[in-house]
1. Just the Cα atoms of the stretch 55-147: what Rg and Dmax do they give in Å?
2. Among the lysines, which have Cα under 17 Å from the Cα of Lys70 when same-chain residues fewer than 8 positions away are ignored?
3. For Leu546, project a label point 7 Å along Cα to C-beta. Then give me every residue of the stretch 491-530 with its amide nitrogen under 11 Å of that point.
4. Grab the eigenvalues of the alpha-carbon gyration tensor for the stretch 297-439, scale each by 5, take roots, and send me the semi-axes largest first in whole angstrom.
5. Using the Karplus curve 6.51 cos²θ - 1.76 cosθ + 1.60 with θ = phi - 60°, what ³J(HN,Hα) values do you get for each residue of the stretch 298-306, in whole Hz, with x for Gly and Pro?
6. Taking the alpha-carbon distance from Lys463 and a cut-off under 18 Å, which aspartates and glutamates remain once sequence neighbours fewer than 8 residues away in the same chain are dropped?
7. Quick one: go through the stretch 200-244 and flag any residue whose amide nitrogen is under 20 Å from the point 7 Å out along the Cα-to-Cβ line of Ala577.
8. For Cα pairs less than 8 Å apart in space and 6+ apart in sequence, what is the mean separation divided by the residue count of the stretch 433-521, i.e. the relative contact order in percent?
Amino acid sequence: MSGDFSPDQKRYLEGFVSGVQAVRGARGAPGFGGVPPFGPASAAPVEAEPSGPDAIHLKAMAAQEKAGRKLVPQEKAKRDEHPFDAYGRFKQMAKDGQFAKQLDDFRIRFHGLFYVGPTQDAYMCRLRIHNGILKAWQFRGVADLAETHGGGYSHVTTRANLQVREIGAADGVPFIEGLVDLGLTAKGSGADNIRNVTGTPTAGVDPQELVDTRPYAREWHHHILNDRALYGLPRKFNVAFDGAGRIAALEDTNDIGFQAVEIRDGFGVAPGVWWRLALGGITGHKDFARDTGVVVPLDQAIKVADAIVRVFIASGDRSDRAKARLKYVLDAWGFEKFLTEVETVLGAPLARLPAEAAAPRPESDRLAHIGVHPQKQPGLNWVGVVLKLGKLTCGQMRGLAAISERYGDGDVRLTVWQNLLLSGVKDADVATVEAEIAALGLATKASNVRAGLVACTGNRGCKFAASDTKGFADLIADHVDGVIAVDTPVNIHVTGCHHSCAQHYIGDIGLIAAKVPVNDEDTVEGFHILVGGGFGADAFIARELLRDVKGEDCPAVVEKMLRGYLAGRAAPDETFA
Ligand code: SF4
């Protein structure tokens with residue numbers, strides 16, 4: 001697909017940034033793709049116009065410098081030595097027992113490894129699992145790798161993915177190579193790359209889905225993996241496919257959200273199922289992906305996503321990391337200018353339809369990721385397993401893999417709700433499966449509070465965190481469940497810093513960690529507390545209610561908020577917003 005551009009498109013891409021001749025000459029250093037794999041950067045003469053897959057990035061960098069903007073160190077690091085060209089060095093560092101730190105930590109994230117010091121003197125590895133679905137034997141294989149090279153556990157992330165922690169300096173490269181042996185990869189899962197592609201977790205088994213998202217997520221996954229031009233964006237980039245199933249995929253929190261919609265007759269395009277295109281979601285910056293009015297034929301999603309990414313690569317801000325996301329290009333240009341550029345890259349117009357052309361999305365169910373639910377295949381079910389804040393021991397992973405192979409269809413389906421589903425379980429086996437899951441120390445039932453509890457890594461493993469998010473989230477859920485019966489689904493999202501990995505702005509109740517002053521000199525772990533967030537049809541950015549609440553006080557404060565909501569709501573389904 002990557003080479004699949006018309007001469008016009010290629011001319012457009014090459015000419016996107018004009019008048020650039022000496023891309024790397026000013027620094028006297030070689031650039032993207034120009035570094036011998038193991039050699040240090042050295043002085044180099046002025047070079048010709050860049051070409052090859054890295055050219056689009058190099059030209060964008062040069063244009064921004066020419067316009068007087070100072071590139072951030074990460075941009076220079078990518079230009080001085082492309083992270084993929086550093087792999088040999090990383091292998092040698094692993095043999096020497098050295099971690100990749102500072103700018104090499106940034107580069108090794110292109111390979112999926114994150115040095116997480118000083119919190120832990122270790123790597124964390126984040127995988128890529130398209131649509132969040134992997135085979136039971138792969139899941140077991142990850143458990144083996146986590147035991148051999150990591151801390152003996154994994155976490156399910158809010159991008160329906162797995163992370164493994166406590167990987168030693170010598171173990172990082174063997175770990176990621178072990179993933180490849182399993183048919184998995186961690187490539188591009190960190191740094192300025194297109195992240196794990198998410199989709200509807202019940203794809204192919206969901207009675208209400210409009211589209212099985214798996215083939216689209218898979219095609220996009222392989223498309224981006226195999227085109228070097230699509231690595232090293234100005235900043236990270238998220239893409240999701242929502243098939244309109246019962247479990248929300250949170251596509252409206254992504255840079256690109258493809259939403260399956262039923263287009264009605266009489267709007268000038270063939271009625272049926274199309275993707276509706278939403279752009280610019282980044283809830284940490286208080287923005288959902290906004291509807292562009294564009295609809296895309298199902299089989300054109302990859303081409304359109306590719307064109308969007310290429311326009312972003314050429315136009316995204318490389319001088320300010322805080323402003324380097326797609327949202328800021330859209331804010332500066334407006335949607336029409338951006339979509340016009342996308343059409344130029346595509347070499348074809350995009351179809352635009354009014355909102356009323358699409359039938360309303362079938363409603364999602366905020367509890368369909370937990371417990372037993374009938375599939376569209378008669379007599380079969382998916383079983384949603386509750387994980388305590390996403391954590392699984394290797395023994396539990398092996399146990400779940402065995403249950404999936406014995407009673408299910410062999411798929412393990414991760415969700416953005418930090419849990420997983422086992423699909424293809426026969427009606428007659430449901431009770432046995434639930435019992436075997438319980439024997440692993442896991443559950444298939446949860447309170448309304450536990451079912452919607454999401455927490456990022458926090459300061460147990462992330463240097464950015466101001467508090468122990470998972471620890472306090474656990475305390476809050478335990479406390480609330482002990483004192484109130486909340487009769488409706490509630491989402492509590494606990495995040496450790498402004499990066500908002502746990503998306504506190506979309507929680508009914510959101511907490512963002514803070515160092516809370518207790519006197520002139522000292523602080524304790526705590527949170528600012530927000531209320532009224534939502535997603536999908538109830539999309540809303542939560543508003544701050546309380547600042548600087550000590551962590552130890554949060555359980556009681558959340559209890560009060562829930563009591564206030566239960567007493568004050570007009571109807572059981574009234575949202576916090
Ligand atoms: Fe780390 Fe911040 Fe992400 Fe939490 S939100 S995992 S603290 S970067």
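1. Final numbers for Rg and Dmax: 16.9, 52 Å.
2. Lys59, Lys78, Lys323
3. Only 527-530 fall inside the zone, counting backbone N under 11 Å.
4. Working: eigenvalues 360, 85, 38 Å².
Working from the Cα gyration tensor, I get semi-axes of 42, 21, 14 Å.
5. 3, 7, 9, 4, 5, 4, 5, 4, 4
6. Asp104, Asp105, Asp121, Glu166, Glu525
7. 240-244
8. Working: 144 pairs, mean separation 24.4, N = 89.
That works out to 27 percent.
Bear in mind these aren't lab numbers, they're just calculated from the coordinates by the rules spelled out. A quick note: this is a predicted structure, and the numbers were derived from the prediction, not measured. Quick reminder, even Gly has a Cβ in these numbers, built from the backbone with ideal geometry, and neighbours come from all protein chains shown.
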